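Q: Would you mind keeping the following structure in view while I ask a few things?
The values are calculated or read from the model by the stated rules, or taken from the named source; none is laboratory data. This is a predicted model, so every value here is computed, not measured. Note that each Cβ is placed from the backbone with ideal geometry, even for glycine, and that neighbours are counted across all protein chains shown. The area values use the complete protein model at the heavy-atom level, side chains included, leaving out ligands, DNA and RNA. Shrake-Rupley method; radii C 1.70, N 1.55, O 1.52, S 1.80 Å.
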Amino acid sequence: MTHYPAELYVATHTGNPGDVTFYQESCISACSVLELGCGDARMLSQLHVQGRRLVGLDCNEELLERAEDRLRQHPTSPAIELIRGDMQRFQLNEQFERIIIPYSGLYCLPDATALRDCLNSIWDHLSPGGQLFLDTYAADGFHEQRPTEDGTEDEFSEIGTLAIGNVHYEVSERNIWNRAEQTIDARYRYQPTIGDSIEVRLPQRYILASQLRDLAAITGFERMDLWGGFDQRPYDPAGSDLMVFRATKPLTA
């Protein structure tokens, strides 16, 4: 197992259809936006409006370098402050009107303690009346329907192909699931046309809808909304593919 090269990660994990429009609309009235797990600034670079402050935080130095490259390639792009840090605990000494965590970024947190710490840090960095928006893949359905013992996909399954420059890869995935710990250890294999394959892992800890709402409420958030897609359809624990969440910090906080 090798380190996950940033160019392979970015080429594989490209977001969900409709996510950019959703976050643009969710931030439409905000003068300041913080993105946690900003990666290569795929999302943050699309949120510029005149006078808006944009800040991105990520713990991966390679992805932040790619974010800088993305912004340099577009001379008209806004000035975005990129900060290397851990979303579990961060201290930026300012507050934002929106904090966003797109594309299952919350699942990078390794355990329940990390999630609580993250929500507390978000609370501290939201201005009164500010809002948290995030989206993840929905876990309630498979968590309830699969067997109680751990589940493992023994073989890699092909999920597609991708090209980076002149190199083409066949991409396969294998997941190791631990229901008790709510973890999925995603393994990816990249087989180039010529040469040895590259195998990487992407550990995740998924969150159930009730757990997210309960922890957000304990943190102090109000007016929580849970949707099953970016079109704000009702969340269906058994059938939704996405979990889209909004929470508001009270004006009196």
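Q: Being of a type outside the set (A, V, I, L, M), surrounded by 13 or more Cβ atoms within 10 Å (Cβ to Cβ), modelled with pLDDT of 95 or more and part of a helix (DSSP H, G or I), is that true of even one residue in the range 176-192?
A: No, the conditions are met nowhere in the range 176-192.
Q: Sticking with this one: With free of Cβ contacts under 8 Å to residues at least 12 places away in the same chain and either within 16 Å of Ile101 (Cβ to Cβ) or in a helix (DSSP H, G or I) (or both) as the only criterion, which of Glu68, Glu62, Glu25 stands out?
A: Working: Glu68 fails: free of Cβ contacts under 8 Å to residues at least 12 places away in the same chain; Glu62 fails: free of Cβ contacts under 8 Å to residues at least 12 places away in the same chain.
Unique residue meeting the criteria: Glu25.
Q: How many residues are within 22 Å of Val244 (Cα to Cα) and among the charged types (D, E, K, R) when one looks only at the range 23-82?
A: Residues flagged as within 22 Å of Val244 (Cα to Cα) and among the charged types (D, E, K, R) within the range 23-82 amount to 5.
Q: Which members of the range 1-58 meet the condition of being touching a strand residue (DSSP E or B) at 6+ places or on another chain (Cβ under 7 Å) and of a type in the set (Lys, Arg)?
A: Arg52, Arg53
Q: Only one of (1) more than 17 Å from the chain's Cα centre (by Cα); (2) surrounded by 14 or more Cβ atoms within 10 Å (Cβ to Cβ); (3) modelled with pLDDT under 95 fails for Asp69. Which number is that?
A: Asp69 satisfies every listed condition except (2).
Q: Next question, about the same structure. What number of residues within the range 29-53 satisfy the criterion of being in a loop (DSSP other than H, G, I, E, B) and over 16 Å from Tyr103 (Cα atoms)? Outline the logic, then answer.
A: Residues of the range 29-53 that are in a loop (DSSP other than H, G, I, E, B), as a first pass: 29-31, 37-43, 47-52.
Retained after the next criterion (residues that are over 16 Å from Tyr103 (Cα atoms)): 29-31, 48-52.
So the count comes out to 8.
Q: Restricting to the range 219-253, and then to whatever is farther than 21 Å from Gly105 by Cβ and among the aliphatic types (A, V, I, L, M), can you tell me which residue is most open to solvent (accessible area, probe 1.4 Å)?
A: Leu251
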